[in-house]
Amino acid sequence: MSKSIWDRFAPIYSLAMKSQKNIYDYMYSHIREKVRGKDVLELATGPGLIAKNVAEVTHRMVATDFSPDMIKQAQKGNNPVNLTFEIADASNLPYTDHFFDVVIIANCLHIVPNPEKVLSEIERVMKTGGLLIAPNFIERKIASPNLWQKLLFKLGVKFEHQWTSEQYKNFLESNGWKITVSEVVPGRIDLMYVECIK
């Protein structure tokens, strides 16, 4: 997916996600407890919704996106001093091996062409015994897109993968991740909240 699509979407992303407030509130509360005192990397941060809500309890947090305009949106406002926003490609990360305690990637793996490569990079930069938090939008069943998805498609947002909850869990496990927490959170598009270890 080209950067230009996400650059165009950047100014309205936060507004668009307001309809998923219950999902984001769920993620904030669960993620905060897992990242307390840790060195954390977030991939595909978008306008920084998760990072801005959890960074203050971390030791240090780096939140990244490959869209420069998304990072510009994320940098706006008063952000915690231990939070840094950086441009980075999730499939080719500029970080040293085994550096982060926790890696977060929310609602991204279904839109990248090669999510296996992203998972490989996550494993590389994560400390041994580290935690992957990978909540992702899922399908209730494989069917035609709902109205929300149709709107996203018109904006140029394409879902490379359309997983049900079981298919998403199978995808993670087939790439060597052990799921320790999983729960479906209903919304306009349902979310599968997942925590994994290697």
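Structure note, pairs 127/169; 21/72; 76/178; 21/198: Cα-Cα distances above 26 angstrom occur for 76/178; 21/198.
Amide H to amide H, with H built 1.01 Å from N, residue 164 comes under 5 Å of 139, counting only residues 5 or more places away or on other chains.
Annotation: amide H of residue 107 within the under-5 Å range of 136, 137, sequence separation 5 or more or interchain, hydrogens built in the peptide plane.
Of the accessible area of segment 40-101, with the probe set at 1.4 angstrom, what percent is carbon plus sulfur?
48
When both bridge partners sit in segment 37-148, DSSP labels roughly 5% of those beta bridges antiparallel. Amide H to amide H distances under 5 Å link residue 131 with 102, 103, where only residues 5 or more positions off or on other chains count and H is placed in the peptide plane.
Projecting label points 7 angstrom from Cα along Cα→Cβ for residue 84 and residue 72 puts them 2.2 nm apart.
Taking all protein chains into account, the per residue accessible area for segment 72-122 stands at 48 Å² (1.4 Å probe). Working note: Karplus 6.51/-1.76/1.60 with θ = phi - 60° gives segment 162-177 the couplings 10, 9, 7, 4, 5, 5, 5, 4, 4, 4, 5, 5, 5, 9, x, 9 Hz, where Gly and Pro are set to x.
The values are calculated or read from the model by the stated rules, or taken from the named source; none is laboratory data. Bear in mind that the values here come from a model prediction, so they are computed numbers and not experimental data. Positions of Cβ are backbone-derived with ideal geometry, glycine not excepted, and every protein chain shown enters the neighbour counts. Please note that ligands, DNA and RNA were not included when accessible areas were found on the heavy atoms of the full protein model with its side chains. Shrake-Rupley method; radii C 1.70, N 1.55, O 1.52, S 1.80 Å.
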